[in-house]
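A.B. asks: Below is a structure I'd like to ask you about.
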Amino acid sequence: MRSIMTHLRKNCTLSLLFLTILFTQQLTAQETLVTIKVVNTKKEAVPFATINLFNKADSTLDQSKVADSSGESEFRLKKGHYTVNISSVNYQFLEKRINITANQRHFTFTVEELPKTLTGVTITTSRPLMRQEDDKTVVDPENLVAMSTNGYEVLEKTPGLFIDQDGNIYISSMTPATVYINGRDMKMSADDMATLLKNLPPNAISKIEIMRTPSAKYDATSSGGIVNVVLRRGVKIGKTGSINAGMQQGVYGNQFIGFSLNNNDGKRNSYINLNYGSRNRYQTTVTNRWFAVDSLLSQNARTKYPTHYFYAGYGIGDSLGKNWDVSFSGNISYNNFNNTTNNESTIEKESISKPLADNLNRVNNNGNSLTINNGIDAKMKIDSTGSEWDNTIFYTNSHNLTNQVFSTEYFFPVLPSTAGDGSGKTNRNYFYVTSDLKLKTKNRFTFETGIKSSLNRFENKTNYFTESGSIRTKDPSRTNTFHYTENINSAYVQGSQTFGKDIILKAGVRFENTNMDGRQLIPYDTSFTIHRTDLFPYVFLSKNIMQIAGYDLRAYLVYRRTISRPSYSFLNPFPRYVDQYMYETGNPSLRPQFTQNYEANISIDERPVAAIGINDTWDIFTNVTYQSDTSKSVAYRTYDNLGNNKELYLRALAAIPPGKRYFFVIVAQYNHNFYQGQYENQPLSYKKGSWTFFTYQSLKLGKHSQLSLHGFMRLKGQQQFYELSPFGSLNASINRKFLKDKLTITLSMNDIFFTNKNDFTIHQGSINAFGSRQNDSRRGGLNIRYNFGIQRKAKEEKKFPDIESQ
């Protein structure tokens, strides 16, 4: 304990030392008043356009405003180079670099649906699929949305993200990322989050933010990084909306229809997003497991997953005076499922090639889930430099009801059939409140601080019975009542300073107080409590290295410390029935794991191109498979702390810059893991390296059509301790716009060559198994989207000289 506290004090001392340097650094710089005006090709003002300015050398100077009714906005900025992004309803996105000098302070931009033209200057629109903003990668999902039927599929198609069959999302490491919705940690299990994303209409996603190394502002429970799904909130002026419908067909099919409506008068805004759909797929898993020297259990399981769902998103916002923006937003997600599995099992004694058992197991899981999320945000703009005070209150409630019926028919030896049934109810309530303060000073220093308190309560009750012949009796081993409460209280302080022209140093420390209390009341007490307080330092250093062909080459160094706490589903000891030879259970003895991350990366023109990093994790917990103590033919999946893991990862990206007719990007990533510890009380030393490749390509076929190709491939894959054969997926789509680009029709084909399937092996402890897995991944699709809108007109009141050529 003393060594741990000494280690923490050293890390905190380092962070506080950096903060002291930042606070005492005094630099002066002169600001100037800059005016930006947005007009259309008829020289009419474009009112209420969103204008974002990014300073590549100093992210603390970034600003964002909405133009007034005359299409103009004023900024107080320091001289230098900036990137301007302009977006408005019914107009193409515009990105342009400008240079602010004493003689150039007024800029006029003309936006249109085709490549943009300024008087005397021709600008080619560049809307990259991925771009780097400070310490996060921002993905524009527009083309991915057109070939997807839900939000989950959009993430599956995002280059650099990998999703396993359990719904875990991975970025750089083999530790799953934390998924945020609109900057909010939902505190959901992987299964629950996957369900929410599958119910989410694809066009509801505005952008995806990938944070591989989140700063001290974010929860420390982000060892695998953060994927923040930002939803559209009706921010464009006027009355706008869309009607969406789509389908995909493989062996089974997905269908959805959706409607969105936004209303914004410049001061008040509101939106509603409705989506209804059904989806169905199959998964086939073949498993062969040696449970004795010459006894082999062979299983062939096929599962169908038919589901009907409904999603509603809603929100309203208002500007209170000049400084306050207040908004209320939420969503409702309902899911109804009816899954069936048929599992053929045989046991053979290999030495004599004689079957010992032959049976058929049937399992039906049906039920529904309802999740309601609501939040209130209040933001005060302190000054024109970007200083602000942001406050959030968020609450979510979810109910899950599951009914399970299972039976086994014995063919050899002939025995009476056995059966069982049960029901489970889960209720979860999650509440948190945050307050974040950001102050930007004239000496290019940004100070951030904030507090957060969250409470997560989970209750699970199950009631099970077994049936043999006509006798039905209560099953005490599966009848369960489990209560779990988690309270996290945190605070952080963080500072960012720009030194000289282009060196940015950001450092901070986060304090988190953890209180976990789990209690199984039935069938026996497995109570546990964890109370601890930890500090998590963060250091970020960035510098412009050189220019290559006019593009800035920028380097980043990052250090941070994080924690991963087991979720309620990992801790619940309820034994969930899979088949007569397998069950799944949580582990109430799990301890949190800690990770120290070191990363160096490089970006060109705000686009990430290369990275190398190390994740040093101790007390790591992961999914494991153990052999049952009561029967060697029975195995169970659970979670356990195994020891330490050191992971090295390398990532590289190559691309043709967007804006031309053809765009191409490929990402290569290598992960090497070295586990040391204990597995089933035996020494563990396990090394494994794997490669993952992602690609995205698009070709413009004239003014109104585009062909897209994207996919991934994984070599020498690893999932926990399962070793996977090479697998991947290649997907394609073509879209065409009609009716003045208001109607978009997209044809798509997923997993064209049906390669998203794999063989697996595992040799750990008492488990020696191999098999294969495939699912309903090859599918053809059709998506239709119609956008409509009435945009307010405004009179042009002022005139400014046109922008000059740079």
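The values are calculated or read from the model by the stated rules, or taken from the named source; none is laboratory data. These numbers were taken from a predicted model, which means no experiment stands behind them. Note that each Cβ is placed from the backbone with ideal geometry, even for glycine, and that neighbours are counted across all protein chains shown. Note: areas computed on protein heavy atoms with side chains; ligands, DNA, RNA excluded. Shrake-Rupley method; radii C 1.70, N 1.55, O 1.52, S 1.80 Å.
A.B. asks: Can you report the number of residues in the range 755-791 which are touching a Pro at 6+ places or on another chain (Cβ under 9 Å) and either modelled with pLDDT of 95 or more or not in a loop (DSSP other than H, G, I, E, B) (or both)?
C.D. replies: 3
A.B. asks: Still on this structure, I have one more. Among Arg651, Arg637, which is over 19 Å from Phe721 (Cβ atoms), at pLDDT 90 or above and under 29 Å from the mean Cα position of the chain (by Cα)?
C.D. replies: Arg651
A.B. asks: Moving on. Name the residues in the range 305-325 that are more than 26 Å from the chain's Cα centre (by Cα) and either aliphatic (A, V, I, L, M) or at pLDDT 95 or above (or both), would you?
C.D. replies: Correct list: Leu320 only.
A.B. asks: Please go through the range 501-523 and pick out each residue that is aliphatic (A, V, I, L, M), closer than 21 Å to Ser567 by Cβ and either in a loop (DSSP other than H, G, I, E, B) or open to solvent by less than 30 Å² (accessible area, probe 1.4 Å) (or both).
C.D. replies: Met516 - this is the single residue of the range 501-523 that is aliphatic (A, V, I, L, M), closer than 21 Å to Ser567 by Cβ and either in a loop (DSSP other than H, G, I, E, B) or open to solvent by less than 30 Å² (accessible area, probe 1.4 Å) (or both).
A.B. asks: Regarding the range 715-738, can at least one residue be identified that is surrounded by fewer than 19 Cβ atoms within 10 Å (Cβ to Cβ) and free of Cβ contacts under 8 Å to residues at least 24 places away in the same chain?
C.D. replies: No: zero hits.
A.B. asks: Here are Thr441, Thr498: which of them is open to solvent by less than 10 Å² (accessible area, probe 1.4 Å), modelled with pLDDT under 95 and among the β-branched types (Val, Ile, Thr)?
C.D. replies: Thr498
A.B. asks: Also, I was wondering about something else. Would you mention how many residues in the range 457-495 are assigned to a strand (DSSP E or B) and either among the β-branched types (Val, Ile, Thr) or crowded, with 18+ Cβ neighbours inside 10 Å (or both)?
C.D. replies: The number of residues fulfilling the criteria is 19.
A.B. asks: Considering only the range 217-224, I want to know if a residue exists there that is over 30 Å from Ser345 (Cβ atoms), open to solvent by less than 10 Å² (accessible area, probe 1.4 Å) and touching a Gly at 6+ places or on another chain (Cβ under 9 Å).
C.D. replies: So far as the range 217-224 goes, no, none of its residues is over 30 Å from Ser345 (Cβ atoms), open to solvent by less than 10 Å² (accessible area, probe 1.4 Å) and touching a Gly at 6+ places or on another chain (Cβ under 9 Å).
A.B. asks: Residues Ser345, Ser351: which one is among the hydroxyl-bearing types (Ser, Thr, Tyr) and more than 24 Å from Ala419 (Cβ to Cβ)?
C.D. replies: Matching residue, one of Ser345, Ser351: Ser351.
A.B. asks: Can you pull out every residue in the range 619-631 that is surrounded by 15 or more Cβ atoms within 10 Å (Cβ to Cβ) and either in a loop (DSSP other than H, G, I, E, B) or not hydroxyl-bearing (Ser, Thr, Tyr) (or both)?
C.D. replies: Asp619, Ile620, Phe621, Asn623, Val624, Gln627, Ser628
A.B. asks: Name the residue that is surrounded by the fewest Cβ atoms within 10 Å (Cβ to Cβ), counting only residues in the range 372-422 that are modelled with pLDDT of 95 or more, farther than 30 Å from Thr434 by Cβ and among the β-branched types (Val, Ile, Thr).
C.D. replies: Once the filter is applied, the top-ranked residue is Val405.
A.B. asks: I'd like the residue in the range 543-567 that is without any contact (Cβ under 8 Å) to a residue 12 or more places away in the chain and not aliphatic (A, V, I, L, M) and, out of all such residues, is nearest to Ile620 (Cα to Cα). Even if it seems obvious, please write down each step before you answer.
C.D. replies: Going residue by residue through the range 543-567, those that are without any contact (Cβ under 8 Å) to a residue 12 or more places away in the chain are 546-547, 549-550.
Subsequent filtering for residues that are not aliphatic (A, V, I, L, M) retains 547, 550.
On the way: Gln547: 42, Gly550: 45 Å.
If we take residues in the range 543-567 being without any contact (Cβ under 8 Å) to a residue 12 or more places away in the chain and not aliphatic (A, V, I, L, M), then Gln547 is nearest to Ile620 (Cα to Cα).
A.B. asks: When residues of the range 332-353 are filtered for being assigned to a strand (DSSP E or B) and either over 29 Å from the mean Cα position of the chain (by Cα) or free of Cβ contacts under 8 Å to residues at least 60 places away in the same chain (or both), how many remain?
C.D. replies: 15
A.B. asks: Name the single residue, out of those in the range 332-360 being farther than 28 Å from Phe256 by Cα and among the β-branched types (Val, Ile, Thr), that is surrounded by the fewest Cβ atoms within 10 Å (Cβ to Cβ).
C.D. replies: Ile352
A.B. asks: Just the residues that are closer than 30 Å to Ser260 by Cβ and either at pLDDT below 95 or among the charged types (D, E, K, R) (or both), please, taken from the range 278-298.
C.D. replies: Result: Arg279, Arg281.
A.B. asks: Could you please let me know if Leu129 is out of contact with any His (no Cβ under 8 Å at 6 or more places or on another chain), open to solvent by less than 20 Å² (accessible area, probe 1.4 Å) and at pLDDT below 80?
C.D. replies: Taking the combined requirement at face value, the residue satisfies it.
A.B. asks: Restricting the range 231-264 to residues that are of a type in the set (A, V, I, L, M) and modelled with pLDDT under 90, which is surrounded by the most Cβ atoms within 10 Å (Cβ to Cβ)? Please lay out each step first, then the result.
C.D. replies: Of the residues in the range 231-264, the ones of a type in the set (A, V, I, L, M) are 231, 235, 237, 243, 245, 247, 251, 257, 261.
Pick out the ones that are also modelled with pLDDT under 90 and you get 231, 235, 237.
Working: Leu231: 19, Val235: 16, Ile237: 26.
For the range 231-264, the residue satisfying everything is Ile237.
A.B. asks: In the range 132-179, which residues are assigned to a strand (DSSP E or B) and open to solvent by 10 Å² or more (accessible area, probe 1.4 Å)? I'd like the intermediate steps shown before the answer.
C.D. replies: Applying the first criterion (assigned to a strand (DSSP E or B)) to the range 132-179 yields 132-133, 136-139, 162-163, 169-170, 178-179.
Of everything in the range 132-179, those that are assigned to a strand (DSSP E or B) and open to solvent by 10 Å² or more (accessible area, probe 1.4 Å) turn out to be Gln132, Glu133, Lys136, Phe162, Ile163, Tyr170, Thr178, Val179.
A.B. asks: Quick check: anything in the range 553-567 under 30 Å from Lys632 (Cα atoms), open to solvent by less than 20 Å² (accessible area, probe 1.4 Å) and over 21 Å from the mean Cα position of the chain (by Cα)? Give the derivation first.
C.D. replies: Kept after step one, since they are under 30 Å from Lys632 (Cα atoms), are these residues of the range 553-567: 566-567.
Checking the rest, the ones that are also open to solvent by less than 20 Å² (accessible area, probe 1.4 Å) come to 566.
If we keep only those that are over 21 Å from the mean Cα position of the chain (by Cα) as well, we get none.
No - not one qualifying residue is present in the range 553-567.
A.B. asks: Right, here's the next one. Taking Phe54 as meeting all but one of (1) at pLDDT 80 or above; (2) surrounded by 22 or more Cβ atoms within 10 Å (Cβ to Cβ); (3) within 22 Å of Phe447 (Cβ to Cβ); (4) of a type outside the set (Asp, Glu), write down the number of the exception.
C.D. replies: (2)
A.B. asks: Taking Thr526 and the conditions (1) open to solvent by less than 30 Å² (accessible area, probe 1.4 Å); (2) in a strand (DSSP E or B); (3) in contact (Cβ under 8 Å) with a residue 40 or more places away in the chain; (4) farther than 30 Å from Leu360 by Cβ, which numbered condition does it fall short on, given that it satisfies the others?
C.D. replies: (2)
A.B. asks: A further question follows. Let me spell it out: the conditions are (1) open to solvent by 50 Å² or more (accessible area, probe 1.4 Å); (2) of a type in the set (Phe, Trp, Tyr); (3) within 30 Å of Leu360 (Cα to Cα), and Phe431 meets all of them except one. Which number is the exception?
C.D. replies: The single condition Phe431 does not satisfy is (3).
A.B. asks: Here is a further query. Does any residue in the range 742-754 that is under 18 Å from Ser777 (Cβ atoms) come within less than 6 Å, Cβ to Cβ, of a residue that is not in a strand (DSSP E or B) six or more places away or on a different chain, and which pairs are these?
C.D. replies: Every condition considered, the pairs that remain are Ser748/Met147; Asp751/Ser777; Asp751/Arg778; Phe754/Arg778.
A.B. asks: Then there is this: Taking the condition of being modelled with pLDDT of 55 or more, part of a loop (DSSP other than H, G, I, E, B) and of a type in the set (Gly, Ala, Ser), how many residues in the range 81-126 meet it?
C.D. replies: 2
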